[in-house]
Amino acid sequence: MAEVIERLRLRSLTKEYGAVKALQGVDLSIGGGEILALCGDNGAGKSTLVRLVSGAERPTSGEIYLDREGVVFSSPADALAKGVATIYQDLALAPRLQVYQNVFIGAELTKPSLLPFIRVLDKKAMKAASAGYLARLKVDIGDMESPVSDLSGGQRQAVAISRALRWEAGLVIMDEPTAALGVRETAQVLELIRQLNSQGVTILIVSHNMEDVLAVAHRVAILKNGRKVGECLTRGLSSEELGTMVMTGNLGERNIA
(Lines give C-alpha, C1' and ligand atoms only; values in the text may rest on other atoms or scores of the structure.)
Protein backbone atom coordinates (compact mmCIF):
# COMPACT_ATOMS: atom_id res chain seq x y z
CA MET A 1 0.00 0.00 0.00
CA ALA A 2 1.39 3.42 -0.99
CA GLU A 3 2.40 5.73 1.82
CA VAL A 4 0.14 8.74 2.30
CA ILE A 5 2.32 11.84 2.25
CA GLU A 6 1.44 14.41 4.88
CA ARG A 7 0.57 17.64 3.08
CA LEU A 8 0.12 19.94 6.09
CA ARG A 9 0.91 19.70 9.79
CA LEU A 10 0.24 22.26 12.48
CA ARG A 11 2.16 21.75 15.71
CA SER A 12 1.18 23.54 18.93
CA LEU A 13 -0.19 26.46 16.92
CA THR A 14 -1.12 29.43 19.10
CA LYS A 15 -2.41 32.89 18.28
CA GLU A 16 -2.90 35.64 20.83
CA TYR A 17 -4.35 39.11 20.36
CA GLY A 18 -3.27 40.81 23.55
CA ALA A 19 -5.05 38.97 26.36
CA VAL A 20 -7.30 37.09 23.94
CA LYS A 21 -6.13 33.58 23.11
CA ALA A 22 -7.79 32.82 19.78
CA LEU A 23 -5.89 29.55 19.27
CA GLN A 24 -4.29 27.49 22.00
CA GLY A 25 -1.80 24.80 21.07
CA VAL A 26 -3.61 23.29 18.10
CA ASP A 27 -2.15 20.16 16.53
CA LEU A 28 -3.58 19.16 13.16
CA SER A 29 -2.47 17.22 10.10
CA ILE A 30 -3.87 16.66 6.60
CA GLY A 31 -2.70 13.85 4.35
CA GLY A 32 -2.09 14.37 0.67
CA GLY A 33 -5.31 13.95 -1.31
CA GLU A 34 -7.50 14.18 1.79
CA ILE A 35 -10.53 16.37 2.40
CA LEU A 36 -10.54 17.57 6.00
CA ALA A 37 -13.39 19.62 7.41
CA LEU A 38 -12.88 22.10 10.24
CA CYS A 39 -15.97 22.69 12.37
CA GLY A 40 -16.81 24.69 15.46
CA ASP A 41 -19.12 27.34 16.85
CA ASN A 42 -18.56 31.04 16.24
CA GLY A 43 -15.43 32.10 18.12
CA ALA A 44 -14.00 28.56 18.12
CA GLY A 45 -10.87 29.70 16.26
CA LYS A 46 -11.60 28.47 12.73
CA SER A 47 -11.10 31.82 11.02
CA THR A 48 -7.91 32.44 12.98
CA LEU A 49 -6.51 29.09 11.91
CA VAL A 50 -7.32 29.84 8.27
CA ARG A 51 -5.57 33.22 8.49
CA LEU A 52 -2.43 31.54 9.84
CA VAL A 53 -2.33 28.76 7.26
CA SER A 54 -3.13 31.16 4.41
CA GLY A 55 -0.32 33.53 5.36
CA ALA A 56 -2.61 36.43 6.27
CA GLU A 57 -1.22 36.40 9.83
CA ARG A 58 1.65 34.78 11.70
CA PRO A 59 1.21 32.53 14.73
CA THR A 60 2.26 33.74 18.16
CA SER A 61 3.94 30.38 18.64
CA GLY A 62 3.92 26.93 17.10
CA GLU A 63 5.01 25.55 13.76
CA ILE A 64 3.55 24.98 10.31
CA TYR A 65 4.92 22.21 8.10
CA LEU A 66 4.11 21.93 4.40
CA ASP A 67 5.15 18.66 2.77
CA ARG A 68 7.15 17.94 5.92
CA GLU A 69 9.19 21.13 5.70
CA GLY A 70 8.82 23.97 8.18
CA VAL A 71 7.41 27.12 6.59
CA VAL A 72 6.85 30.71 7.66
CA PHE A 73 4.46 32.53 5.35
CA SER A 74 5.12 36.25 5.05
CA SER A 75 1.86 36.92 3.17
CA PRO A 76 -0.99 35.18 1.30
CA ALA A 77 1.03 35.65 -1.90
CA ASP A 78 3.93 33.83 -0.29
CA ALA A 79 1.63 30.96 0.76
CA LEU A 80 0.17 30.84 -2.75
CA ALA A 81 3.64 30.67 -4.27
CA LYS A 82 4.30 27.66 -2.04
CA GLY A 83 1.12 25.93 -3.21
CA VAL A 84 -1.47 26.98 -0.61
CA ALA A 85 -4.52 28.71 -2.09
CA THR A 86 -7.38 30.10 0.00
CA ILE A 87 -10.86 30.64 -1.40
CA TYR A 88 -12.81 32.86 0.97
CA GLN A 89 -16.58 33.03 1.25
CA ASP A 90 -16.74 36.15 -0.94
CA LEU A 91 -14.50 34.35 -3.52
CA ALA A 92 -12.47 37.57 -4.04
CA LEU A 93 -13.59 37.77 -7.67
CA ALA A 94 -13.89 40.94 -9.73
CA PRO A 95 -17.54 40.84 -10.92
CA ARG A 96 -17.06 43.24 -13.83
CA LEU A 97 -14.06 41.38 -15.24
CA GLN A 98 -14.43 38.47 -17.62
CA VAL A 99 -14.01 34.81 -16.67
CA TYR A 100 -10.48 34.43 -18.05
CA GLN A 101 -9.42 37.76 -16.54
CA ASN A 102 -10.45 36.53 -13.09
CA VAL A 103 -8.63 33.23 -13.51
CA PHE A 104 -5.38 35.00 -14.47
CA ILE A 105 -5.73 38.16 -12.39
CA GLY A 106 -2.30 39.09 -11.08
CA ALA A 107 -0.60 36.45 -13.25
CA GLU A 108 -1.52 37.44 -16.80
CA LEU A 109 0.11 35.69 -19.74
CA THR A 110 1.95 37.85 -22.25
CA LYS A 111 3.51 37.44 -25.69
CA PRO A 112 5.96 39.47 -27.81
CA SER A 113 4.51 42.34 -29.85
CA LEU A 114 5.63 43.77 -33.16
CA LEU A 115 7.67 46.32 -31.27
CA PRO A 116 10.93 45.17 -29.69
CA PHE A 117 11.03 44.86 -25.90
CA ILE A 118 7.24 45.30 -25.72
CA ARG A 119 4.95 42.47 -24.62
CA VAL A 120 1.15 42.37 -24.85
CA LEU A 121 -1.50 40.29 -23.11
CA ASP A 122 -1.97 36.85 -24.65
CA LYS A 123 -5.76 36.79 -24.39
CA LYS A 124 -6.15 33.75 -26.62
CA ALA A 125 -3.85 31.63 -24.46
CA MET A 126 -5.56 32.77 -21.24
CA LYS A 127 -9.03 32.00 -22.60
CA ALA A 128 -7.93 28.55 -23.75
CA ALA A 129 -6.24 27.79 -20.43
CA SER A 130 -9.25 29.02 -18.44
CA ALA A 131 -11.56 26.78 -20.44
CA GLY A 132 -9.16 23.92 -19.76
CA TYR A 133 -9.20 24.47 -15.99
CA LEU A 134 -13.00 24.57 -16.01
CA ALA A 135 -13.11 21.41 -18.12
CA ARG A 136 -11.00 19.66 -15.46
CA LEU A 137 -13.79 20.54 -13.04
CA LYS A 138 -16.40 19.38 -15.59
CA VAL A 139 -17.86 22.87 -15.80
CA ASP A 140 -18.83 24.45 -19.12
CA ILE A 141 -19.36 28.19 -18.89
CA GLY A 142 -19.08 28.57 -22.65
CA ASP A 143 -17.88 32.11 -23.19
CA MET A 144 -14.65 32.99 -21.42
CA GLU A 145 -15.46 36.66 -22.07
CA SER A 146 -18.61 36.52 -19.93
CA PRO A 147 -18.42 38.88 -16.96
CA VAL A 148 -18.41 37.04 -13.64
CA SER A 149 -21.45 39.07 -12.57
CA ASP A 150 -23.51 37.07 -15.10
CA LEU A 151 -22.58 33.71 -13.57
CA SER A 152 -24.42 31.60 -11.00
CA GLY A 153 -23.01 31.02 -7.53
CA GLY A 154 -21.76 27.58 -8.49
CA GLN A 155 -20.09 28.89 -11.63
CA ARG A 156 -18.37 31.65 -9.67
CA GLN A 157 -17.01 29.06 -7.26
CA ALA A 158 -15.68 27.14 -10.28
CA VAL A 159 -13.87 30.27 -11.50
CA ALA A 160 -12.30 30.74 -8.05
CA ILE A 161 -11.17 27.11 -8.00
CA SER A 162 -9.79 27.47 -11.54
CA ARG A 163 -7.62 30.30 -10.27
CA ALA A 164 -6.21 27.92 -7.64
CA LEU A 165 -5.51 25.39 -10.40
CA ARG A 166 -3.76 28.14 -12.36
CA TRP A 167 -1.36 28.54 -9.45
CA GLU A 168 -0.91 24.74 -9.23
CA ALA A 169 -2.01 24.74 -5.60
CA GLY A 170 -1.57 21.41 -3.84
CA LEU A 171 -3.58 22.54 -0.82
CA VAL A 172 -6.81 24.51 -1.21
CA ILE A 173 -8.58 26.05 1.79
CA MET A 174 -12.29 26.72 1.24
CA ASP A 175 -14.05 29.00 3.72
CA GLU A 176 -17.81 28.32 3.84
CA PRO A 177 -17.96 27.28 0.16
CA THR A 178 -21.72 26.66 0.14
CA ALA A 179 -22.86 29.60 2.27
CA ALA A 180 -25.90 31.48 0.90
CA LEU A 181 -26.31 29.04 -2.02
CA GLY A 182 -29.52 27.29 -3.02
CA VAL A 183 -29.95 23.53 -3.12
CA ARG A 184 -28.97 23.15 -6.79
CA GLU A 185 -25.92 25.42 -6.54
CA THR A 186 -24.82 23.73 -3.32
CA ALA A 187 -24.89 20.36 -5.06
CA GLN A 188 -22.82 21.85 -7.89
CA VAL A 189 -20.18 23.21 -5.50
CA LEU A 190 -19.94 19.90 -3.63
CA GLU A 191 -19.34 18.17 -6.96
CA LEU A 192 -16.65 20.76 -7.75
CA ILE A 193 -14.93 19.85 -4.49
CA ARG A 194 -15.05 16.15 -5.39
CA GLN A 195 -13.65 16.83 -8.85
CA LEU A 196 -10.83 18.94 -7.42
CA ASN A 197 -9.98 16.26 -4.88
CA SER A 198 -10.09 13.50 -7.51
CA GLN A 199 -7.12 15.23 -9.16
CA GLY A 200 -5.01 14.82 -6.03
CA VAL A 201 -5.58 18.25 -4.49
CA THR A 202 -5.74 18.30 -0.69
CA ILE A 203 -8.66 20.34 0.63
CA LEU A 204 -9.39 21.97 3.98
CA ILE A 205 -13.04 23.01 4.30
CA VAL A 206 -14.36 25.36 6.96
CA SER A 207 -18.13 25.00 7.22
CA HIS A 208 -21.12 25.35 9.52
CA ASN A 209 -23.20 23.04 7.32
CA MET A 210 -23.01 19.55 8.79
CA GLU A 211 -24.66 17.85 5.82
CA ASP A 212 -22.24 19.42 3.35
CA VAL A 213 -19.29 18.39 5.51
CA LEU A 214 -20.44 14.78 5.59
CA ALA A 215 -21.10 14.81 1.85
CA VAL A 216 -17.47 15.43 0.89
CA ALA A 217 -15.05 15.28 3.85
CA HIS A 218 -13.08 12.18 4.82
CA ARG A 219 -12.39 13.46 8.32
CA VAL A 220 -13.55 16.30 10.53
CA ALA A 221 -11.65 18.21 13.23
CA ILE A 222 -13.59 20.18 15.84
CA LEU A 223 -12.44 23.37 17.55
CA LYS A 224 -13.93 24.83 20.70
CA ASN A 225 -12.73 27.94 22.52
CA GLY A 226 -9.51 28.00 20.53
CA ARG A 227 -8.60 24.39 21.19
CA LYS A 228 -8.94 21.25 19.10
CA VAL A 229 -11.21 18.98 21.13
CA GLY A 230 -10.92 16.04 18.76
CA GLU A 231 -11.35 14.66 15.30
CA CYS A 232 -13.19 11.73 13.74
CA LEU A 233 -13.87 9.98 10.47
CA THR A 234 -17.06 11.02 8.70
CA ARG A 235 -17.99 7.54 7.51
CA GLY A 236 -21.17 6.41 9.26
CA LEU A 237 -21.59 9.77 11.02
CA SER A 238 -24.94 11.56 10.90
CA SER A 239 -25.41 15.33 10.72
CA GLU A 240 -27.21 15.20 14.07
CA GLU A 241 -24.26 13.42 15.71
CA LEU A 242 -21.78 15.87 14.22
CA GLY A 243 -23.89 18.83 15.32
CA THR A 244 -23.94 17.52 18.88
CA MET A 245 -20.17 17.06 18.83
CA VAL A 246 -19.70 20.66 17.70
CA MET A 247 -22.01 22.01 20.42
CA THR A 248 -20.69 19.91 23.29
CA GLY A 249 -17.08 19.33 22.26
CA ASN A 250 -17.51 15.68 23.16
CA LEU A 251 -16.67 13.15 20.43
CA GLY A 252 -16.87 10.13 22.67
CA GLU A 253 -15.61 6.84 21.22
CA ARG A 254 -15.43 8.36 17.73
CA ASN A 255 -12.48 10.57 18.71
CA ILE A 256 -9.37 9.44 16.82
CA ALA A 257 -7.12 12.34 17.84
### Task
Taking Gly200 as the residue in question, decide whether it is in a loop (DSSP other than H, G, I, E, B), closer than 19 Å to Ile173 by Cα and not aliphatic (A, V, I, L, M).
yes
Residues in segment 201-247 that are of a type in the set (Lys, Arg) and under 20 Å from the mean Cα position of the chain (by Cα) total 2
Residue hits (segment 170-197; buried (at least 24 other Cβ atoms within 10 Å of the Cβ) and part of a loop (DSSP other than H, G, I, E, B)) are Pro177, Thr178
If we keep only residues of segment 65-100 that are charged (D, E, K, R) and in a loop (DSSP other than H, G, I, E, B), then the residue farthest from Gly32 (Cα to Cα) is Arg96
Out of (1) loosely packed, with under 12 Cβ neighbours inside 10 Å; (2) among the hydrophobic types (A, V, I, L, M, F, W, C); (3) assigned to a helix (DSSP H, G or I), the one Leu114 does not meet is (3)
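Among the listed residues Ala107, Ala131, Ala94, Ala125, identify the single one that is over 30 Å from Glu6 (Cα atoms), small (Gly, Ala, Ser), surrounded by fewer than 21 Cβ atoms within 10 Å (Cβ to Cβ) and touching a residue at least 40 places away in the same chain (Cβ under 8 Å).
Ala94
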Considering residues that are part of a strand (DSSP E or B) and either at pLDDT below 95 or open to solvent by 30 Å² or more (accessible area, probe 1.4 Å) (or both), the number found within segment 208-246 is 5
Per the list (1) open to solvent by less than 10 Å² (accessible area, probe 1.4 Å); (2) under 28 Å from Val26 (Cα atoms); (3) in contact with a Leu (Cβ under 7 Å, 6 or more places away or on another chain), residue check on Ala164 breaks on (3)
Per the filter on segment 66-91, residues more than 28 Å from Glu6 (Cβ to Cβ) and surrounded by fewer than 18 Cβ atoms within 10 Å (Cβ to Cβ) are Asp90
In the set Asp41, Asp27, the lone residue that is within 28 Å of Leu214 (Cβ to Cβ) and modelled with pLDDT under 95 is Asp41
Of (1) within 20 Å of the chain's Cα centre (by Cα); (2) modelled with pLDDT under 95; (3) farther than 17 Å from Arg163 by Cβ, Ala19 fails just (1)
Picking from Gly243, Gly200, Gly236, the residue that is over 30 Å from Gln155 (Cα atoms) and small (Gly, Ala, Ser) would be Gly236
| With respect to Lys138, is the statement that it is open to solvent by 60 Å² or more (accessible area, probe 1.4 Å) and over 15 Å from Val159 (Cβ atoms) true? | no
Among residues of segment 52-90 being touching a helix residue (DSSP H, G or I) at 6+ places or on another chain (Cβ under 9 Å) and aromatic (Phe, Trp, Tyr), the residue farthest from Asn197 (Cα to Cα) is Phe73
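The values are calculated or read from the model by the stated rules, or taken from the named source; none is laboratory data. Here the structure is a predicted model, which is why all the values come from computation and not from measurement. Positions of Cβ are backbone-derived with ideal geometry, glycine not excepted, and every protein chain shown enters the neighbour counts. Ligands, DNA and RNA are excluded from the accessible area calculation, which covers all protein heavy atoms including side chains. Shrake-Rupley method; radii C 1.70, N 1.55, O 1.52, S 1.80 Å.
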